[in-house]
Amino acid sequence: MENNKPKVLVVSPTFPLPLVAGGKIRIFNILKELSKNYDITLLSLFEIGVDSRSYLSQLEFLSRIELIPVSQSKTAQIKRLLRYSFHWLLGTPAEVLIKKSPALAAKLNELIKREAFSLVQFEYIQTAQYLTKEIRNNCRTALVAHDISYISQERKAHIARGLAKLFWAREAKLMKQYERDNWAKFNSIYTMSEVDIDYMNSPDTERFTAVIPNGVDTKNLKYQLRSGNRTIVFVGWMRHLPNRDAISWFIDEIWPIIRESAKPVTLKIVGKGLPSDIIQKVNADSAIHYLGYVDDIYEVVQDSTLSIVPIRIGSGSRLKILESMALGTPVVSTTIGCEGIQASSDEVRLVDDPNTFAAEVLALLDNEEERQKLSVNARALVERRYGWESIGRSASELIQQTIER
């Protein structure tokens, strides 16, 4: 039977599996929903040494998968940055250079010449380096802006010290120019929230920006309200700097206040790749448990009394908050951590200084009625606004508008 679905090529710097990071979870679920209406080819960088065959069965909804092997280790990224250091001195952001792959560029050009795609969708601004004039002349194009990168870099510069502060300040300046130069090259830009559109603040992009928010699998994430065991949990992929900074800041500035409480509290940390300096702090405190990678993150979250999101840097929106809400675990977050999620104080608690954050955590640990209210309201919010199925329908409509425009 002939497939008459419009063809969409998705270019991604990260493979969507395993589902260990917010960006991967988003790409997987959005593509799964889009595949109902579009014939999708995925062109993605893929970690060297990982057996892709173990994942392909989970991506059968895709028409084709083209993988470009690359090492994403910190050492390999530094080597790539040094190889292209001259480009950095001339003004290309390091964040773009570490995602530079001549092999991906060559495969993309090959696919464009071989097939007629109705749309080429680029995940993350770093892939804008692969948008050529030939692609622009022959296909409609869309950028999925998972965050506004220069905002993230400015926030890193704000909290950094010494040479790191100088590096991130320069990187923020370069990234801001890079983003502004590239936004107008796309036919459409899909952001995570209205907040991101405000950050873009560019008259050239107003006419073709739209929000496709992050979501959560409300069908498979079963809501369960549990009694308090005075356990708080932090979930985060630790190769991501905002997560490393968040748990370090929490342990250094907030946790000591919480530990002074007369009642015992346990902190669980979930996520692969916690740095050795933070592990030393964890090992020095018997009330902190680093679980690393776990087979079922959702079980750990649901067994916890509270979910914490002490994010200070980065931009975009956090799937970890939506998932906690869906599971029934109340959330205490910083304002930046919850950025892009339209939630009230009846659905999530937002606090930004260590003392207030600790006080909010302790107050909720002691108040089961208030936790239940947050839990019920938060689940209602994600069911109403953040289910992947409804988000997927909106994404399909926006893609069709881009194709027809």
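The values are calculated or read from the model by the stated rules, or taken from the named source; none is laboratory data. As the structure is a prediction and not an experimental result, all values here were calculated from the model. Heads up, the Cβs are rebuilt from the backbone with ideal geometry, glycines too, and the neighbour counts pull from every protein chain shown.
At least 1 residues being over 17 Å from the mean Cα position of the chain (by Cα) and more than 24 Å from residue 226 (Cβ to Cβ) is the threshold, and among the strands (runs of 3 or more DSSP E) wholly inside the stretch 265-342 not one reaches it. All told, residue 159 falls short of being hydrophobic (A, V, I, L, M, F, W, C), in contact with a Ser or Thr (Cβ under 7 Å, 6 or more places away or on another chain) and more than 14 Å from residue 122 (Cβ to Cβ).
Can you pull out the residues in the stretch 53-77 that are without any contact (Cβ under 8 Å) to a residue 24 or more places away in the chain and among the polar types (S, T, N, Q)? Correct list: 54, 57, 73, 75, 77.
Conditions (1) under 22 Å from residue 188 (Cβ atoms); (2) touching a residue at least 60 places away in the same chain (Cβ under 8 Å), marked per residue:
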residue: 79; (1), (2): no, no
residue: 85; (1), (2): no, no
residue: 101; (1), (2): no, no
residue: 107; (1), (2): no, yes
residue: 110; (1), (2): no, no
residue: 122; (1), (2): yes, yes
residue: 128; (1), (2): yes, no
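Cβ separations smaller than 9 Å between residues 6+ apart or across chains give no pair from the stretch 378-392 residues that are farther than 17 Å from residue 346 by Cα and without any contact (Cβ under 8 Å) to a residue 40 or more places away in the chain to residues that are surrounded by 18 or more Cβ atoms within 10 Å (Cβ to Cβ) and among the β-branched types (Val, Ile, Thr).
Could you please let me know if residue 110 is at pLDDT 95 or above and either charged (D, E, K, R) or surrounded by 20 or more Cβ atoms within 10 Å (Cβ to Cβ) (or both)? Answer is yes for this residue. Sub-7 Å Cβ pairs linking a first residue in the stretch 19-35 that is farther than 13 Å from residue 212 by Cα and among the aliphatic types (A, V, I, L, M) to a second residue that is part of a helix (DSSP H, G or I) and at pLDDT 95 or above, at least 6 apart or interchain, are 19/28, ordered by first then second residue.
So which of 128, 103 is surrounded by fewer than 17 Cβ atoms within 10 Å (Cβ to Cβ) and touching a strand residue (DSSP E or B) at 6+ places or on another chain (Cβ under 7 Å)? If you could, list the steps in order and put the result at the bottom.
Values: 128 fails: surrounded by fewer than 17 Cβ atoms within 10 Å (Cβ to Cβ).
Residue meeting the stated conditions: 103.
Residue-by-condition table, conditions (1) at pLDDT 95 or above; (2) under 21 Å from the mean Cα position of the chain (by Cα); (3) hydroxyl-bearing (Ser, Thr, Tyr); (4) not assigned by TED's automatic domain parsing to the domain that holds residue 331:
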residue: 175; (1), (2), (3), (4): yes, yes, no, yes
residue: 179; (1), (2), (3), (4): yes, yes, no, yes
residue: 199; (1), (2), (3), (4): no, yes, yes, yes
residue: 206; (1), (2), (3), (4): no, no, no, yes
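Residues satisfying the criterion are present in the stretch 316-323 (criterion: among the β-branched types (Val, Ile, Thr) and buried (at least 24 other Cβ atoms within 10 Å of the Cβ)).
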